[in-house]
Amino acid sequence: MSVAAIVLAAGLGTRMKSSLPKVLHPLAGRPLLAHLLDTLSCLSPQEVAVVIGPEQEAVAKLAAPHRTVLQTERLGTAHAALQAKPVIGDFPGDVLILFGDTPLVTSDTMQRLVARRREADDPAVVVLGFRPDDPAGYGRLVLGTEGLLRIVEVKDATEAERTIPWCNSGVMAVDGRILMALLERVDNQNAKGEYYLTDLVGLARAQGRICAMVEGEAEELLGINSRSELAEAEDILQRRLRDQAMANGATLIGAETIFFSWDTKLGRDVVVGPSVVFGPSVVVEDEVEIRAFCHLEDCHVAKGAVVGPFARLRPGAQIGEEAHIGNFVEIKKSVVEAGAKVNHLTYIGDARVGAKANIGAGTITCNYDGFGKYLTDIGKGAFIGSNSALVAPVKIGDGAIVGAGSVVTRDVPKDALSLARGEQRDIEGWAARFRESKSKNKKG
């Protein structure tokens, strides 16, 4: 049997107080909807229909290559799911109904839902239930000896029904052969005047079919409707990412202060110090040390390198094996080859730093003239003295030495010494005469 999915993503997210559609808000650097669709891919669904609202072209673009359908009026969850009929039709398998603002549902939970739908008793609807610490506001799952009897929205629930611990997440797996027929029979005779997806249970039972519940963890079923809930979800996902990194062999010092992107890759025996932030597209190979207060984004750090503390690796930084990037160093779109050292107060942009080169404190590659970016090429084994400015485009030959305080504007030959600074001039006694003059003027 195959699987299809309907993802409801048309919500305005008015409580987010944002011009950005709710499902596009980032979680660990990735939109909410993208998290859910990626998890869904583990089931290899045959069809996926993403329900969007008017003027949500950005959501449709993110959902691609999955097909999107438009809900022009927001009349309830059943009405939204029904808009997927042109894509899903009378699907001859299982249809998962998911929510774009509930991105933490795990692949294991999705698989358990589908597995329960396929058991011998053939339940028409399998609902994902959970037991939150505070059930206020959630619809309740009414269970009996025959399985799931009905779902009651909290506004329609009696006092007795509100004491039921089982709550409705909204996520469900439905027999695709009858799904659309059931959705078409849902009415809006309820306290809110909406077409509730939860009515599928009662309609299926009226046809003599049983329904069932699978339990999920409360934290994976957090629906994100506000900035505070987004922050709560970020905490949950960061905890998952930290646990995964440590399970894969990384050491995290002050783990709760380290923040990952959804796609951060750490090798074995990596050590990460406190207050490190990983942006998107970071790969760190084995035995690397990332010291405290570093920020890394779209970069690659090879085996055995040391980065930080207080270093910034910007997009395009490639750090070679055993290289050292020290405190208050910024690397952008540059290759720092094996064994090279850039240890202090330095900016390296649009450059190559050759193997075992040493870059002194305060060095700057002057890569931008206000119009274009240019390359600085530093040869292997070169030594750049402190407080030097290398004005690109420029090439420093292998083994060359640039004297401290130099402003280099021309290529430096291999193994040469380059001094590009004003000649030192000493005027004996000038400082004493200067102080004496200033002192007399002050007294006068």
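Overview of results
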read-out	value
Scan of segment 258-268 for residues that are surrounded by 15 or more Cβ atoms within 10 Å (Cβ to Cβ) and either small (G, A, S) or more than 21 Å from R30 (Cβ to Cβ) (or both), ordered by number	S261, G267
L241 being farther than 20 Å from L24 by Cβ and touching a residue at least 40 places away in the same chain (Cβ under 8 Å)	yes
Set I378, I364: member being touching a residue at least 12 places away in the same chain (Cβ under 8 Å) and in contact with a Ser or Thr (Cβ under 8 Å, 6 or more places away or on another chain)	I364
Condition check for A404: within 26 Å of L296 (Cα to Cα) and among the small types (G, A, S)	no
Selected residue [in the same structural domain as A311 (by TED's automatic domain parsing), part of a loop (DSSP other than H, G, I, E, B), over 25 Å from C294 (Cα atoms) and modelled with pLDDT under 95] from G399, G370	G370
Residue within segment 54-65 that is in contact with a Leu (Cβ under 8 Å, 6 or more places away or on another chain), surrounded by fewer than 19 Cβ atoms within 10 Å (Cβ to Cβ), touching a residue at least 12 places away in the same chain (Cβ under 8 Å) and not assigned by TED's automatic domain parsing to the domain that holds E234 present	yes
Selection count, segment 67-96, where residues are surrounded by fewer than 23 Cβ atoms within 10 Å (Cβ to Cβ), without any contact (Cβ under 8 Å) to a residue 60 or more places away in the chain and touching a helix residue (DSSP H, G or I) at 6+ places or on another chain (Cβ under 7 Å)	2
Tally of residues being surrounded by fewer than 17 Cβ atoms within 10 Å (Cβ to Cβ) and touching a strand residue (DSSP E or B) at 6+ places or on another chain (Cβ under 7 Å) across segment 363-382	1
Residue tally, condition polar (S, T, N, Q) and closer than 18 Å to C211 by Cβ, over segment 78-108	0
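Let's see how each residue does on (1) more than 19 Å from the chain's Cα centre (by Cα); (2) hydrophobic (A, V, I, L, M, F, W, C); (3) at pLDDT below 95; (4) within 30 Å of G176 (Cβ to Cβ):
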{"residue": "L203", "(1), (2), (3), (4)": "yes, yes, no, yes"}
{"residue": "A218", "(1), (2), (3), (4)": "yes, yes, yes, yes"}
{"residue": "E232", "(1), (2), (3), (4)": "no, no, no, no"}
{"residue": "G254", "(1), (2), (3), (4)": "yes, no, no, no"}
{"residue": "T257", "(1), (2), (3), (4)": "no, no, no, no"}
{"residue": "D269", "(1), (2), (3), (4)": "yes, no, no, no"}
{"residue": "V283", "(1), (2), (3), (4)": "no, yes, no, no"}
{"residue": "I290", "(1), (2), (3), (4)": "yes, yes, no, no"}
{"residue": "R312", "(1), (2), (3), (4)": "no, no, no, no"}
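The values are calculated or read from the model by the stated rules, or taken from the named source; none is laboratory data. All figures in this text were calculated on a predicted structure; none of them were measured in a lab. Neighbour counts are summed over all protein chains in view; Cβ atoms, including those assigned to glycine, are modelled from backbone coordinates with ideal geometry.
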